[in-house]
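For reference, the structure is listed below as structure tokens.
The values are calculated or read from the model by the stated rules, or taken from the named source; none is laboratory data. All values derive from a computational prediction rather than experimental measurement. Cβ sites come from the backbone with ideal geometry, for glycine too, and all protein chains shown count toward neighbours.
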Amino acid sequence: MRIDAMTLFPDMFGIVRDSGVTGRAHTQKLWSMHAWNPRDFTHDVHRTVDDRPYGGGPGMVMMAEPLEKTLEAIRIDRAASDSQDVPVVLLSPIGKPFKQATASRLAASAGAIFVCGRYEGIDQRFIDKHVDEQWSLGDFVLSGGEIAAIAMIDAAVRLLPGALHHGDSSLQDSFQDSLSGLLDSPHYTRPESLEGADPIPPVLLSGNHANIAKWRRQQSLMVTAKYRPDLISRARENGLLSRDDERFLKEISINSSDHAAP
Ligand code: 4FN
């Protein structure tokens, strides 16, 4: 997978290229990261990439031309190596919500070209001509698309085969799509006793792996039902809940309701 990003702050992408799981995957050449600065595709002495909005108003708008030249350079560079065509993705609050399934699709693909906006936004003509998809992380104001792009790249790269050395631990993580669709159970590590904290659930020290698996599943169901009941409904719709799961959910919903027997 090859990721290209158009950004006025290419150094920001060092975070995902060089750290942790994604950094190791990059060293292993499981993916590559190319950050391109539209400022490098200007010709005036000030290296201008923005201008005042037509119609007036506050702030500045990213000009189409430096972005078009950057995109052209990316396409030439991609053609010189793998040549696969990939979508141009704009990170934008009007975009489709980025989900775990979106991360899986990206990870299974040849990559993407991310356009990271700054200032008040981008000349609409560049978007209309060149952008294939718009993705969003959610409804909040960012000062640029970079942090959103970095989050999405992280979510995709960790899914690449071989990215997680401890093979199946991604399968146990929260939100691993369609495997359970449930939140993770709590984790504990040494020391066995911690001042002022409850003891570690004894089942985890029992060495009985069937009981441990059952406890973890029930914890997942409990945490999910409490904090993200929407994910329980979704897991049910996707056929991811067993009859044991349903029995357990019924049990905890009865025990947690306030209706005492008359
Ligand atoms: N943001 C809203 C409405 C209108 C604008 C914004 C906003 C960065 C270039 C876009 C924001 C949030 C989630 C990219 C927000 C995201 C961005 C994202 C983003 C600078 C223009 C801008 C929804 C809060 C009402 C700034 C809300 N996921 N504009 O933040 O790129 O990907």
| said: Against the condition in contact (Cβ under 8 Å) with a residue 40 or more places away in the chain and in contact with a Leu (Cβ under 9 Å, 6 or more places away or on another chain), how does residue 88 come out, does it pass? | reply: yes
| request: Please go through segment 95-139 and pick out each residue that is among the aromatic types (Phe, Trp, Tyr) and assigned to a loop (DSSP other than H, G, I, E, B). | output: 98, 119
| task | Could you tell me which of the residues 123, 139, 85 is more than 13 Å from the ligand (Cβ to nearest atom) and either acidic (Asp, Glu) or in contact with a helix residue (DSSP H, G or I) (Cβ under 6 Å, 6 or more places away or on another chain) (or both)? | result | 85
| message | Condition check: surrounded by fewer than 13 Cβ atoms within 10 Å (Cβ to Cβ) and without any contact (Cβ under 8 Å) to a residue 12 or more places away in the chain. Does residue 143 satisfy that? | response | no
| Answer from 106, 71 - the residue that is within 15 Å of the ligand (Cβ to nearest atom), at pLDDT 95 or above and not charged (D, E, K, R) | 106
| query | Condition test on residue 149, is it among the aliphatic types (A, V, I, L, M), within 14 Å of the ligand (Cβ to nearest atom) and out of contact with any helix residue (DSSP H, G or I) (no Cβ under 7 Å at 6 or more places or on another chain)? | reply | yes
| said: Can you say whether residue 8 is touching a residue at least 40 places away in the same chain (Cβ under 8 Å), out of contact with any Gly (no Cβ under 7 Å at 6 or more places or on another chain) and assigned to a helix (DSSP H, G or I), as far as the supplied structure shows? | reply: no
| Is it the case that residue 92 is among the polar types (S, T, N, Q), within 16 Å of the chain's Cα centre (by Cα), on the phi < 0 side of the Ramachandran plot and in a strand (DSSP E or B)? | yes
| said: Give all pairs with beta carbons closer than 7 Å in which a residue from segment 53-64 that is assigned to a loop (DSSP other than H, G, I, E, B) meets a residue that is β-branched (Val, Ile, Thr) and modelled with pLDDT of 95 or more; count only pairs at least 6 apart in sequence or on separate chains. | reply: 53/61; 63/49
